[in-house]
Amino acid sequence: MAAMDANSGYDRMKELKEFDESKMGVKGLSDSGITSIPRFFVHPPETLSDFKNSSSTCTNIPIIDLSGIINSKDSDHRLKIVEQVKEAAKTWGFFQVINHGVPISVLDETIHAIKAFHDQPHEVKAKYYKRENELGGVMYTSNNDLYRAKSAAWHDSLQAWMGPEPLKVTDLPEICRNEVVAWDKSATEVAEIVMELLCEGLGLEAGKFKELTFLDARVLVGHCYPYCPQPDLTVGITSHTDPGVITVLLQNHVPGLQVKHGDEWVNVKPVPGGLIINAGDFLQIISNGEYKSVQHRVLANSSKEARISIVIFFNLAKWKGDGYHGPLPELLSPKKPAIY
């Protein structure tokens, strides 16, 4: 797309830079009371028609109750949960876990803290606003791919790299510092339980993924999807898959997440106290396609209340070998050759 539309005199790059340099994010635009969105947020008709035509007969992604395996020795019940996790990761690539051992008060405090960060005046948040530091530390920005994407999406993000190198805690904004550190710990504990179940579903030792450092590289992203005055013209986040091993997502009660299942887009209904787990591209590869990494997206928010989601992406910190990534050798056989 050209920087300037010759027919209209519209200078897209100029508008992008003005928005970026204002450091106000879409939250600032929304709070200002605008009634129409800037043109660079408007998506092409083919993208928007896909959103309008999406309808599903499915009501939600699978919900898995982990209460029976937290501090339990019941091996028969654990086998049932392993089968549920395996089936969900294989057929959906997404599932929600409930009774996962993290108190609802911790979930609520985490959501409240991320919301509190985004609710601050943009002049206060501006000190964290960056675009050049996508691979470490702490950054607040609107659209990581603002200058690369054809159209911008209606969300702002606070991003913190929690591992493998320990983050300097004082680098985190004070308003959410303690909650982010606590949530990283809690989400990692849940991820370890889920990874054990995923391992057992593949016939591996429960601790295999942890041994392969799949819990060590972690980036936490606190998204804010504020009210959008023209939600039919833009998106919250465009359709994508996650690149890593697994993702753990905590969200408030404002809906918007959709998951591709077959040819349909399924609305993910927030379950009180639930956490959403999804498989990433790397897990699909190393499982030799047993577990699926699927497309998902977020609608632009038509609610006056902001949608808040806190995502932790888990990825490997070290890989044995020369950078080649492929299926784990123990999953391969003459009947099951490598497909990657």
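Summary of values
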| read-out | value |
| --- | --- |
| Protection proxy ranking of 84-90, 164-170 - average other beta-carbon atoms within 10 Å, highest first | 84-90, 164-170 |
| Gain upon complete extension [T59, H240; 0.36 nm per residue less C-alpha separation] | 63.1 nm |
| Ranked packing of 11-24, 112-125, most packed first, by mean Cβ within 10 Å | 112-125, 11-24 |
| Whether the chain is rounded, prolate or oblate, judged on the alpha carbon gyration tensor where a/c under 1.5 counts as rounded | prolate |
| Computed lengthening from K210 to S22, 0.36 nm per intervening residue step minus Cα-Cα distance | 63.5 nm |
| Label-point separation, V169 to Y340 (7 Å along Cα→Cβ), nm | 3.6 |
| Estimated Rh, region 254-340: Kirkwood, alpha-carbon pairs, angstrom | 15.8 |
| Nearby aspartates and glutamates by direct alpha-carbon distance to K210 (threshold 12 angstrom, same-chain neighbours under 8 apart not counted) | E189, E192, E196 |
| Within the accessible area of region 66-114 (1.4 Å probe), percent carbon and sulfur | 51 |
| Simple label model, 7 Å out from Cα along Cβ direction - K318 to V181, nm | 2.7 |
| Label point distance in nm, S105-E305, each placed 7 Å from Cα along Cα→Cβ | 2.2 |
| Per residue accessible area of region 85-201, 1.4 Å probe, in Å² | 43 |
| Placed amide H near I63: partners under 5 Å, 5+ positions off or other chain | Q96 |
| Angle in degrees between helix 177-201 and the longest Cα principal axis of the chain, rounded to the nearest 10 | 40 |
| Shape call, region 144-275: gyration tensor on alpha carbons, a/c limit 1.5 | oblate |
| Reachable lysines from K130, criterion Cα separation under 28 angstrom, eight or more residues apart if same chain | K14, K17, K23, K27, K115, K150, K168, K185, K304, K318 |
| Helix axis angle, 104-119 relative to the chain longest principal axis, alpha carbon, degrees | 20 |
| Gyration tensor verdict on region 21-131 (Cα atoms; rounded if a/c is under 1.5, prolate if a/b is larger than b/c, oblate otherwise) | oblate |
| Sparse-neighbour loop sites [trypsin sites (Lys or Arg not before Pro); region 238-315; at most 13 other C-beta within 10 Å; DSSP] | K304 |
| Fully extended contour minus Cα-Cα distance, from D281 to D50, at 0.36 nm per residue | 80.8 nm |
| Alpha-carbon centroids, region 266-340 and region 61-133: separation in whole Å | 14 |
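The values are calculated or read from the model by the stated rules, or taken from the named source; none is laboratory data. What you see is a predicted model, and the numbers here were worked out from it, not measured in a lab. Counting neighbours? That spans all protein chains shown, and the Cβs are built from the backbone with ideal geometry, glycine included. Calculation scope for accessible area: heavy atoms of the full protein, side chains included, ligands and nucleic acids excluded. Shrake-Rupley method; radii C 1.70, N 1.55, O 1.52, S 1.80 Å.
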